[in-house]
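Since the structure comes first, as structure tokens, the remarks are kept for the end.
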Amino acid sequence: MTFDGMWAELLPVGRDPQTGGYRRFAWTRTDHDLREWFAAEASSRGLDLTVDRAGNQWAWWGDPDAQGPGLVLGSHLDSVPDGGAYDGPLGVVTALATVEALQRQGFRPSRPIGVVNFVDEEGARFGIACAGSRIITGVLDADRARGLRDGDGRTLAEAMTTAGRDPRALGRDEETLRRVGTFVELHVEQGRGLADLDRAVAVGSTIWPHGRWRLDLAGEANHAGTTRLEDRHDPMLSLAAAITAARDAASGQGCVATVGKVRVEPNGVNAIPSHVTAWLDARGPAERGVRAVVEEVAERAGVRPVEESWTGPTPFDPALAARLAALLGDAPVLATGAGHDAGILASAGVPTAMLFVRNPTGVSHSPAEHAEHADCLAGVEALTAVARELAS
Ligand SMILES: [Zn+2]
């Protein structure tokens, strides 16, 4: 089945009729349907399906144990809440279409070619992004993973058991990693870099350093009607200072910063809050700039930010990126502020590259996420050229 056929089949799966957005969360019924779909597509191309210790699906053309390590293409099929159609599935569908194109051309790969569907990339249900790749590389501890809870209090272990998988298997997976000689993830661009350059496909250079900080802002609860302004200790004002400081500093440093999650106590319309907890997400091309943003927030809001996570810059294999950019007609080489399974594998030492497909508006993680049909096909063409190059 061609790109169009696969795309049409996936379109209705997990789509919310109200918003048009996707709700494809790990180890749910929808996820099960997507996994069955992937297995069927693999089988129809004569690929051998294996499932690793974390539940990631690998479809192999050729035997990666006998003739490997292989070249792996692919991405993920899950989504954020009310996500778009392209983030993830575009990489899986173009990978399957690439294998089909190569088979139809009578191409004989010099090493096995695999297509991967990584499980739980978005972390929408259990809160940890790239859980599937983090587990098999050992970055996410198996015990911790098993105990992660979703919004209904169900653990990952329980969810996997319900889905028919054994959570005791979770852990670093040497056998799977050994099979992956090179990984190439194609992804819809999550910005307007390509639209501005008037190009359809880019090669990834690096994932920006990024982190999350918790801001604990203490105040004093009191009556909203009877407390004079000068007598108030209102933590919401500190939050306002933190948000504007984050914006100003990010703009000055060429970074991005977001306060997207806030918890207010007691959260009443007519009560001055006693406490506000907010989370700052900051990313940028260099660690120094990101740190400077966090420092300015700390200073202007009078708060000591608690670092909850930090990931340094993740460069993709620079020689591989240069080789693919040349192969694809001097394709632009772009950095990204978004995390990907490709970043986890690159950090684990796997030679890794990313291809980005133009997103005309740059909007992502939203039902409005889009890529033109011609650009999707340009993605298949680019990935096919890459596979020929790396498996000849
Ligand atoms: Zn993605």
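The values are calculated or read from the model by the stated rules, or taken from the named source; none is laboratory data. Being a predicted model, the structure only gives us computed values, none of them experimental. We place every Cβ from the backbone using ideal geometry, glycine too, and count neighbours over all the protein chains shown.
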query: In region 316-324, is there at least one residue being among the aliphatic types (A, V, I, L, M), modelled with pLDDT of 95 or more and closer than 18 Å to H210 by Cα?
result: no
Within region 151-183, considering residues that are more than 21 Å from the chain's Cα centre (by Cα) and closer than 18 Å to A353 by Cα, the one farthest from the ligand (Cβ to nearest atom): R178
query: If you check every pair at least six apart or on different chains, which have Cβ atoms under 7 Å apart with a residue in region 332-352 that is touching a residue at least 12 places away in the same chain (Cβ under 8 Å) and closer than 10 Å to C130 by Cβ first and a residue that is within 13 Å of the ligand (Cβ to nearest atom) and in a loop (DSSP other than H, G, I, E, B) second?
result: G339/A129; G339/C130; D341/E121; D341/C130; I344/C130
statement: Subset of region 340-359, residues within 16 Å of P89 (Cβ to Cβ) and either in contact with a helix residue (DSSP H, G or I) (Cβ under 8 Å, 6 or more places away or on another chain) or away from the ligand (no atom under 16 Å from the Cβ) (or both), comes to D341, M354, L355, F356, V357, N359
Verdict on S75 being within 14 Å of the ligand (Cβ to nearest atom), in contact with a strand residue (DSSP E or B) (Cβ under 8 Å, 6 or more places away or on another chain) and not in a loop (DSSP other than H, G, I, E, B): yes
- request: Inspect all residues belonging to region 258-275 and state whether any of them is in contact with a Leu (Cβ under 7 Å, 6 or more places away or on another chain), in a strand (DSSP E or B) and crowded, with 22+ Cβ neighbours inside 10 Å.
  value: no
query: more than 14 Å from the ligand (Cβ to nearest atom), in contact with a strand residue (DSSP E or B) (Cβ under 7 Å, 6 or more places away or on another chain) and part of a helix (DSSP H, G or I), is that true of R134?
result: no
message: Looking only at region 150-180, how many residues end up being within 25 Å of V80 (Cβ to Cβ) and among the aliphatic types (A, V, I, L, M)?
response: 6
task: Scan region 282-295 for residues that are free of Cβ contacts under 8 Å to residues at least 60 places away in the same chain and buried (at least 19 other Cβ atoms within 10 Å of the Cβ) and jot them down.
output: G289, V293
message: Need the failing condition index for E158 against (1) under 26 Å from L71 (Cα atoms); (2) without any contact (Cβ under 8 Å) to a residue 12 or more places away in the chain, just the number.
response: (1)
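Okay, residues lined up against (1) farther than 21 Å from C255 by Cβ; (2) in contact with a Gly (Cβ under 9 Å, 6 or more places away or on another chain); (3) not β-branched (V, I, T):
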{"residue": "L197", "(1), (2), (3)": "yes, no, yes"}
{"residue": "A200", "(1), (2), (3)": "yes, yes, yes"}
{"residue": "I207", "(1), (2), (3)": "no, yes, no"}
{"residue": "L229", "(1), (2), (3)": "yes, no, yes"}
- line: Every listed condition ((1) under 12 Å from the mean Cα position of the chain (by Cα); (2) within 13 Å of the ligand (Cβ to nearest atom); (3) among the β-branched types (V, I, T)) holds for V92 save (1)
- prompt: Can you name the condition, by its number, that I128 falls short on among (1) in contact (Cβ under 8 Å) with a residue 24 or more places away in the chain; (2) part of a loop (DSSP other than H, G, I, E, B); (3) within 16 Å of the ligand (Cβ to nearest atom)?
  reply: (1)
Candidates L186, L194, filtered to the one that is outside any strand (DSSP E or B), under 23 Å from the mean Cα position of the chain (by Cα) and surrounded by 21 or more Cβ atoms within 10 Å (Cβ to Cβ): L194
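Just to check your reading of the model, which residue among G337, G379, G362 is more than 15 Å from the chain's Cα centre (by Cα), surrounded by fewer than 24 Cβ atoms within 10 Å (Cβ to Cβ) and within 15 Å of the ligand (Cβ to nearest atom)? Give the derivation first.
Working: G337 fails: more than 15 Å from the chain's Cα centre (by Cα); G379 fails: surrounded by fewer than 24 Cβ atoms within 10 Å (Cβ to Cβ).
That would be G362, the only listed residue that is more than 15 Å from the chain's Cα centre (by Cα), surrounded by fewer than 24 Cβ atoms within 10 Å (Cβ to Cβ) and within 15 Å of the ligand (Cβ to nearest atom).
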- prompt: Looking at A66, A54, which one is more than 16 Å from the ligand (Cβ to nearest atom), surrounded by 24 or more Cβ atoms within 10 Å (Cβ to Cβ) and at pLDDT 95 or above?
  reply: A54
message: Given (1) away from the ligand (no atom under 16 Å from the Cβ); (2) touching a Cys at 6+ places or on another chain (Cβ under 8 Å), identify the lone condition not met by G312.
response: (2)
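Test V380 against the stated conditions and say whether it is in contact with a Ser or Thr (Cβ under 8 Å, 6 or more places away or on another chain), hydrophobic (A, V, I, L, M, F, W, C) and outside any loop (DSSP other than H, G, I, E, B). Spell out how you get there, then give the answer.
On the way: in contact with a Ser or Thr (Cβ under 8 Å, 6 or more places away or on another chain): yes; hydrophobic (A, V, I, L, M, F, W, C): yes; outside any loop (DSSP other than H, G, I, E, B): yes.
Considered against the rule, which asks whether it is in contact with a Ser or Thr (Cβ under 8 Å, 6 or more places away or on another chain), hydrophobic (A, V, I, L, M, F, W, C) and outside any loop (DSSP other than H, G, I, E, B), V380 comes out as yes.
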